[in-house]
1. I want to verify a result. In a Gaussian network model of the chain, Cα cutoff 10 Å, which of these has the top mean-square fluctuation: 64, 93, 75?
2. In whole Hz and in residue order, list the ³J(HN,Hα) couplings for segment 45-54 that follow from phi through the Karplus curve 6.51 cos²θ - 1.76 cosθ + 1.60, θ = phi - 60°; x for Gly and Pro.
3. Count the net charge of all other residues whose Cβ sits under 15 Å from the Cβ of residue 54, scoring Lys and Arg as +1 and Asp and Glu as -1.
4. Taking the Cβ of residue 44 as the centre, find all other residues whose Cβ is under 13 Å away and add up their charges (Lys, Arg: +1; Asp, Glu: -1).
5. If you look for lysine pairs in the chain that are eight or more places apart or on different chains, how many of them have Cα atoms under 25 Å apart?
6. Mind telling me which of 54, 80, 22 comes out most flexible in a GNM of the chain, alpha-carbon contacts under 10 Å?
7. With axes computed from alpha carbons, what is the tilt in degrees of helix 70-80 against the longest principal axis of the chain, rounded to the nearest 10 within 0 to 90?
Amino acid sequence: MKEKIKAYIVGDINEYSTRIIYATTSGKAKSYFTHEPDCDCCWNDIYARRFPEYNQYYDGNPTKDFWNIPEHRIKLVRDYGWSCEETLNLCKKCPAIQYCSLWNY
């Protein structure tokens, strides 16, 4: 029986980086995260939490940069409290600025 692919929020507790990764288990999602080029993190510092709200967006790729898709950025910021550590110059162009808890109007 084939295992079902599920969405996970995966990140490093010591860094400001979070990704949505599709995998069959949280351990496989963490493993995929550690193999990304910009990850130099320790396995014990990585978390993986189920994110069933994003199961529907799986398109065969283990990861997708939802942050750069305006409607998804708005949804992630507004509905799930995501934010970024961008400079204020970039914040002014962000489609989710009105929902961001870090933005000071």
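Each reported figure results from applying straightforward, stated rules to the coordinates on display, with no laboratory input. Note that the structure is predicted; figures quoted are calculated from it, not measured. Glycine also receives a Cβ, built like all others from the backbone with ideal geometry; neighbour counts cover every protein chain displayed.
1. Looking only at 64, 93, 75, the largest GNM fluctuation is found for 93.
2. 9, 9, 10, 9, 10, 4, 9, x, 4, 9
3. Combined, the nearby Lys, Arg, Asp and Glu give +4.
4. Here the count lands on -1.
5. Within the chain, the lysine pair count is 19.
6. Sorting by GNM fluctuation, first place goes to 80.
7. So the inclination is approximately 80 degrees.
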